[in-house]
Amino acid sequence: MTAITHHISDDLLDAFVTGNLSHPFAVVVAAHLSLCDTCRARAEAAEMLGGALLDRIAPTSVSAGARDRLLDALDRAPLPRPPIQRSGIFPAPVMQALGGQPPKWRMLGGGIRQQILSADAEGSLRLLYIPPGRAVPEHSHGGLELTLVLQGSFSDSEGRFGRGDVETAHDEIDHQPIAGSEAPCICLAATDAPLRFRAAIPRLLQPLFRI
Ligand SMILES: [Zn+2]
């Protein structure tokens, strides 16, 4: 297995450890942490730093309201930390989102398959299966999209992403991921806004992706 080279940003990691990430993004971060020793160590350091900061706050130095808000924020528990995953395609947080069952794929055309794991006002979480060498229709984002590779790889204008790598795509990125030729690419993708496809043909796919 090649080493993970694309990690979780500091902002997202901080939001995760303080319990301030929406469910779809929190599952992607938890799944990455179960595959990535580097980010697990970063998350633990961020948690310890948060605790140390709280210890240093003298009771008289902040208003009661501010201290309560901080304690409230710390009480909002992040997802339980998953154990490090050494085998299997789906890390524990993904298995949990799947309800412990294998994926129930829906065909999207071109051999691409999808299973929506959750979709609500917070955003969407889905698994994607892309045959070797196949492109996902070019799209851009109304918000943030986090994509974690669970099997195989994909490449786009931002580089190559293998198992454990996370791509963080903001709304300015127009990208067309292409699955690597070595194996079908299975990804976990979270968005906080519908995807926008550019060309006419993908309009057929859009009602399926737009969730
Ligand atoms: Zn990492």
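Brief remarks on what is shown
- Between residue 107 and residue 160, full extension at 0.36 nm per residue minus the direct alpha carbon distance yields a gain of 16.6 nm.
- On full extension, the segment bounded by residue 151 and residue 115 gains 11.4 nm, given 0.36 nm per residue less the C-alpha separation.
- Spin-label model distance (nm) - residue 176 vs residue 10, 7 Å beyond Cα toward Cβ: 3.6
- Multiplying the residue separation of residue 183 and residue 89 by 0.36 nm and removing their Cα-Cα distance gives an extension gain of 32.6 nm.
Taken together, the values in this text are just the output of simple stated rules run on the coordinates, not laboratory data. Keep in mind that what you see is a predicted model, and the values were worked out from it rather than measured. Positions of Cβ are backbone-derived with ideal geometry, glycine not excepted, and every protein chain shown enters the neighbour counts.
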